[in-house]
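The values are calculated or read from the model by the stated rules, or taken from the named source; none is laboratory data. Since the model is a prediction, treat every value here as computed from it, not as a measurement. All Cβ positions, even for glycine, are placed from backbone atoms using ideal geometry, and neighbour counts span all protein chains on display.
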Amino acid sequence: MSFASIFNSTRFRVTSNWIKARVGDEQFPGSASAIFIGARNNDIVVQKNKIKSASGNGIDITNTGAGGAGTVPPENVIVRKNKVEHVQLSGIAVSATGDGEYKVLANRSLTNGRNGIHFAPATVGGIVTGNTALGNGTDTASNGVDCKDESTGPLNTPLNTWTGNVGVTSEPSGLCSAPTVDDHPDHDGKDHGKKHKKKHHKKTKKHKQHRPDPCRCTLPWRF
């Protein structure tokens with residue numbers, strides 16, 4: 001039911017996977033997140049994955065432990081440039097209580113059952129920037145929205161920072177703004193990429209002998 005469940009790990013990354021988790025299988029009842037980041041993790045990167053379905057959340061960050069891991073919140077977690085769609089619950093859900101430990105950057109969360117991006121009441125200091133969340137709340141009984149933050153600070157303002165996010169529905173208001181023509185959810189820049197590739201094909205071929213060694217270690221870890 002889950003593609004990856006991560007506990008008690010350090011410097012771990014989940015990158016460039018195509019994920020379609022089981023939904024409605026009688027042999028696997030209940031709900032599970034496609035990518036689950038639990039207790040006692042540190043320095044986790046989840047990047048450029050495509051999640052097409054899940055019986056729970058798409059990407060889930062929590063304090064939950066497994067195998068004696070306890071409930072120590074994960075630290076230093078980045079969720080970046082993923083696409084999550086058609087999951088039963090929320091596309092990206094953060095309930096872990098680490099202060100300023102979670103960054104949700106440039107993801108697309110589309111047509112999910114509950115919320116597009118959801119930060120739970122106990123969250124604080126999260127950074128949510130440049131995401132697109134559209135068409136969420138397809139399970140009408142869930143009252144889901146595109147962008148949701150239940151943390152509450154002074155004057156009832158969220159304790160997490162939301163900037164430059166695109167979405168139609170928001171709780172509270174102001175977490176995301178309405179899309180423009182350039183914010184089409186399925187726009188991956190493919191046409192631009194093809195033009196760019198064609199333009200520089202000869203140049204790349206000419207300098208083929210100067211390509212970097214693919215086996216060379218790439219640092220820093222957080223690219």
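Observations on the model:
- Test: residue in segment 67-75 that is at pLDDT 95 or above and among the small types (G, A, S): no
- Filtering R80, R40, R22 for residues that are at pLDDT 95 or above and of a type outside the set (D, E) leaves a single hit, R80.
- Condition met for D99 (closer than 20 Å to I6 by Cα, surrounded by fewer than 18 Cβ atoms within 10 Å (Cβ to Cβ) and either more than 12 Å from the chain's Cα centre (by Cα) or modelled with pLDDT of 95 or more (or both)): yes
- Scanning segment 152-193 for residues that are of a type outside the set (S, T, N, Q), more than 17 Å from N107 (Cα to Cα) and either in contact with a strand residue (DSSP E or B) (Cβ under 9 Å, 6 or more places away or on another chain) or at pLDDT 85 or above (or both) returns G153, P154, L155, P158, L159, E171, P172, G174.
- Yes/no for N115 being part of a loop (DSSP other than H, G, I, E, B), under 17 Å from P172 (Cα atoms), in contact with a helix residue (DSSP H, G or I) (Cβ under 9 Å, 6 or more places away or on another chain) and not acidic (D, E): yes
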